[in-house]
Amino acid sequence: MREQLRDSERLQHIAEAISDILEFTAGASFSGFCGNKMLKHAVYRNLTLIGEAANLLTKAYRDTHSAVEWPKIIGMRHVLVHDYYEADDAIVWQTIVESLPQQQEQIRAIQAGTPARR
């Protein structure tokens with residue numbers, strides 16, 4: 001049986017997926033994002049990975065690092081996977097531009113052993 005991943009490893013997966021999204025979308029516009037099928041698929045896939053990894057963090061770990069909006073992260077994953085037909089490119093783009101840079105800072109702070117801020 002495969003050993004279960006630790007919270008720190010899942011957090012690393014989240015950090016890598018956030019970095020990938022920000023790298024892929026650097027210099028892109030909303031219309032460019034919407035018009036680039038490959039970019040959209042890459043972003044949606046990485047947002048799904050982020051949400052799944054967040055969902056699989058232990059409750060105690062999420063509670064300890066409650067400055068991160070875990071329910072919203074997990075909720076987006078649920079929409080992208082289960083209610084994909086309701087996924088809104090504008091909301092995804094807003095997440096990229098407004099939420100992911102802050103989440104990246106929070107994840108880096110947690111990895112460095114300092115408290116994450118809202």
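What follows draws every value from the coordinates through simple rules; no lab data is involved. The shown structure was predicted, so the numbers you read here are calculated from the model rather than taken from an experiment. Here the Cβ is made from the backbone with ideal geometry for all residues, glycine too, and neighbour counts use every protein chain on show.
For the reader, a short list of remarks on this structure follows.
- Helix 7-25 axis, angle to the chain major axis (alpha carbon atoms, nearest 10°): 20
- FRET efficiency for the pair Asp83 and Ala60, taken as 1/(1 + (r/R0)^6) with r the Cβ-Cβ distance and R0 = 35 Å, rounds to 0.75.
- Taking Cα atoms only, the orientation of helix 100-112 departs from the longest principal axis of the chain by about 20 degrees.
- Given the choices (1) 8.8; (2) 7.9; (3) 7.3, mean projected area of the Cα convex hull in nm² derived from the coordinates of this structure is entry (2).
- Rounded to the nearest 0.05, the FRET efficiency derived from the C-beta distance between Ala42 and Ala67 at R0 = 30 Å is 0.65.
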